[in-house]
Amino acid sequence: MCAAVQTLVCVKQVKQDVAEEWDETMPLPGDIIEGFYNCESDIHADEFFVPTKAKSELSSQLAKINSQHIEVIWVKVRRGDATLKLRARVVVERPSMLQRKYSIRAATDDRHVAVIGDLTSDECTELQDMSLVNVENRGYHKKGVKYDRKMKVSKYLPDHRCTVVSSIMFMPMQGEHCTEATTARCMAWFSAAVSSGAPLVFVNIQTEQIVTSEKTNLTGKVMSWSKQQQNHATTVQIVQGIRIWFMPGVAEVSLDLVPQTGEVRFGLDIKRTEEGLICIYSVAKGSPADRAGLSKLHEEAYANGYLLVMSRLEGKSLMPSHADILGLVHCCDHTEIKDTLVSDRPDGENSTSCYGVALEHETKESLDELEQREITINQSVEIALVKVEETKKVALKVLKRAHSDDEYDEVDNSEGLLMEMKSLCLKMDSGRFWRFVTRRKKELESLRAQMSLALEECLDPARFVLEAISEVFPVDKRSEKSDRGNDLGWACVLVLE
């Protein structure tokens, strides 16, 4: 006669299919339901605990709770080795009047309804393993937090209209049938701008789809890397452009130019580079630009090999915007900018603001410090080269001695002593190393100072040391022994130290 299989009341599954929204406070597949507390309070006294042994029994108990209009109960479940108490609500699983069944759902999510069944212990464990994997892979809870963007913009940007980063779009020219050609032209522009002295830093580069249209009666040629469709007399073409993003190398400095009564110019001359950047190349002494600090910025920039680039004027960007299919770089008209910089407005209304991309004072100090460090490094390299040359001479002497018949030839100094011991350690020649050390008791202090440095060259220092002293320790294996017993104890201690 077969014994009855013991079953447990378990959560078979949940009707909320989005496992990413599960959390550990909800009933999960595999949870073993031991009972519940028929009270809404989180004070779980034993007198309120209702144990359960089967699914049908739990459904009947939940029906009573539902009739008492208790909204929230605390369900006691066993999950792995832990016992948890979960907030839950009673729900009608089957609304039929003839066969009404009750279950529980998560108190925080109406969709998270538990399907309860009688399962064996192994089945519960298997379900728990699967549900725990889903919860662990889901990650932590995420919620929206308030962010004061206006305060951040006013604090961290020079101007609320300033985006800090800039970009330029390169359209594919005729004959450029792949994005690599356009990308190469784009990077050539950026490299040339940086080489000319513009303090720019690369941020990102990306492809971008651009829709162009052209009215024509002829069917255009379809390019291998673009899409083209004919619509009556209009050809719509989607091409892949390349956009490169960049930002100031250090900072964008805001300056207000305020002329005094009678001044008709702001006192700065500009020029446009081949890459379309507007640069300041001279500042008049005593002018509004000089009083605003442009002279100092200009001197610092040019002293360090950089251009002083104007990024915006009166809130308008001066950076080049794009390069068209003919290869022309679309940038600001510097004649119009010069006209803007001529003060022909009434007194009190002739101030303007400009933004320059340049090196700050702290950056100049950093560059000076780097230059000084470079000088120090050069001096250190010269000293090291002299040391290398001396070591080279010593090494050559050691090699010459290695080929001679006398393995106990004298060494000149402590450096030579170190090189000799390093050579023996590198070759793991413990026997010769031991004889070398024991014949130099008079140089005990030099040996002690160089011993650890020499043993670092061994592949296995511990083995090397034990093999070296094995001639006399722990058993003296010498054929000719001294009357004084083991007179090489000093050497053993030296090597073991």
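Derivation of every value follows stated rules applied to the coordinates shown; laboratory data play no part. Just so it is clear, the model here is predicted, and its values are computed rather than measured. For neighbour counting, all protein chains shown are included, and Cβ atoms are generated from backbone atoms with ideal geometry for every residue, glycine included.
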What is the spin-label model distance, in nm, from Asp109 to Val5 if the labels are put 7 Å beyond Cα along the C-beta direction? 3.0
Ordering of 488-496, 376-384, 100-108 by burial proxy (mean other Cβ atoms within 10 Å per residue, highest first): 100-108, 488-496, 376-384
So for the pair Val92, Val493, with labels modelled 7 Å out along Cα→Cβ, what separation do we get in nm? 9.6
In nanometres, the difference between 0.36 nm per residue of separation and the alpha-carbon distance of Ala303 and Asp23 is 94.7 nm
Simple spin-label model, 7 Å along Cα-to-Cβ: Asp129 to Ser321 in nm? 6.3
Give the calculated FRET efficiency between Glu382 and Gln206 to the nearest 0.05, with a Förster radius of 35 Å applied to their Cβ-Cβ distance. 0.15
Given a Förster distance of 22 Å, report the FRET efficiency between His330 and Arg185 from their Cβ-Cβ distance, rounded to the nearest 0.05. 0.90
Subtracting the Cα-Cα distance of Thr163 and Leu466 from 0.36 nm times their residue separation yields 102.1 nm
What length, rounded to one decimal in nm, is gained on full extension from Arg432 through to Ile70, with 0.36 nm per residue of separation minus their alpha-carbon distance? 121.2 nm
